[in-house]
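Novice: Quick one: structure below, then a few questions.
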Amino acid sequence: MKGMGKYFVGLLPPPEFEAQIKLLKQGIAAQFRVKYALQSPTHLTLKMPFRYKEAKEGELVAQFTSLLATQGPFLLQLTRIGHFGIRNIHQQVAPSKPLHHLQTTLLSFCKRSLHLVEELSDRNFQPHVTLAYKDLKPANFEEVLGFARKNEVRGEFLVAQAYLLKKVEGRWKVIAPLIFGNRSENPSPTTQE
């Protein structure tokens, strides 16, 4: 479609966690030739990819920013390595009420205000950071899973913004940060429940 861009909304870890997870993805790519996950920044998807008019990209950023004006910062916890069947290996993220609230708020807004179709994976939200998929061969699954488990990343960090990403020349690029609320009014993170 002419003039349409492909976008998604996600959370990005801070640089120290991003570097550790990227190193793990690079290790998987080097050792097992599973590199598709390297085409996008390390992220947790909140709203699955959707098409939107590129000419209205600025308005899209403004709408998401306005929507997140009341969202407070919260803690995100990276737990263990998990998988979906034998085609996706990922770093699991502990579910929490603030994370679930953020994701459902975005979905409701996208359906109501942007008239976007709700994907099955939008409705069945399982927070994770993908390490290997698409080019992960079933014959290599157990070996890649074992490698990922030996090199898993664990930790906790504060989330104070989401990001709008866009597919540009086959790779996902950050277009804009979507900062939560007024940080001076939200100095402490929401506790996980």
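No value in this document is a laboratory result; all are computed from the given coordinates. Being a predicted model, the structure only gives us computed values, none of them experimental. Every residue, glycine as well, gets a Cβ built from its backbone with ideal geometry; the counts of neighbours run over all protein chains shown.
Novice: For segment 38-52, take each phi angle, set θ = phi - 60°, evaluate the Karplus expression 6.51 cos²θ - 1.76 cosθ + 1.60, and give the result in whole Hz per residue in order, putting x for glycine and proline.
Specialist: 7, 6, 9, x, 4, 7, 10, 6, 9, 10, 4, x, 9, 9, 8
Novice: Read phi for every residue in segment 95-107 and hand back ³J(HN,Hα) as whole Hz from Karplus 6.51 cos²θ - 1.76 cosθ + 1.60, θ = phi - 60°, with x for Gly and Pro.
Specialist: x, 8, 4, x, 5, 4, 4, 4, 5, 5, 4, 4, 4
Novice: A follow-up question, please. Sort out for me the Cα centre separation of segment 88-103 from segment 14-44, rounded to whole Å.
Specialist: 18
Novice: Please grab the % of Cα pairs in segment 4-179 that end up more than 22 Å from each other.
Specialist: Of all Cα-Cα distances in segment 4-179, 44 percent exceed 22 Å.
Novice: A further question on this structure: Using only DSSP helix segments of four residues or longer, with each worth -39500 (n - 2.57), what per-residue ellipticity at 222 nm results for the chain after dividing by its residue count and rounding to 500?
Specialist: It lands at -9500 deg cm²/dmol.
Novice: List, in the order given, every pair from Lys97/Lys134; Lys134/Lys166; Lys56/Lys97; Lys97/Lys150 whose Cα-Cα distance in the structure shown is over 21 Å.
Specialist: Over 21 Å apart, Cα to Cα: Lys97/Lys134; Lys56/Lys97; Lys97/Lys150.
Novice: Assign unit charges at the C-beta atoms only (+1 for Lys and Arg, -1 for Asp and Glu), then state the dipole size of the chain relative to its Cα centre in Debye, rounded to the nearest 20. Display every interim value, and only then the final one.
Specialist: Details: 26 positive and 16 negative charges, 122 e Å.
Its charge dipole is roughly 580 debye.
Novice: Continuing with this model, one more query. How high is the relative contact order of the chain, given as a whole-number percent (alpha carbon pairs under 8 Å, six or more residues apart)?
Specialist: Reported as a whole number, the value is 35 percent.
Novice: With axes computed from alpha carbons, what is the tilt in degrees of helix 15-32 against the longest principal axis of the chain, rounded to the nearest 10 within 0 to 90?
Specialist: Rounded to the nearest ten degrees, it is 40.
Novice: Please name which of Val144, His83, Leu99 has its Cα lying farthest along the dipole of segment 60-193 towards the positive end, using unit charges on Cβ (Lys, Arg +1; Asp, Glu -1) and the Cα centre as origin.
Specialist: Val144
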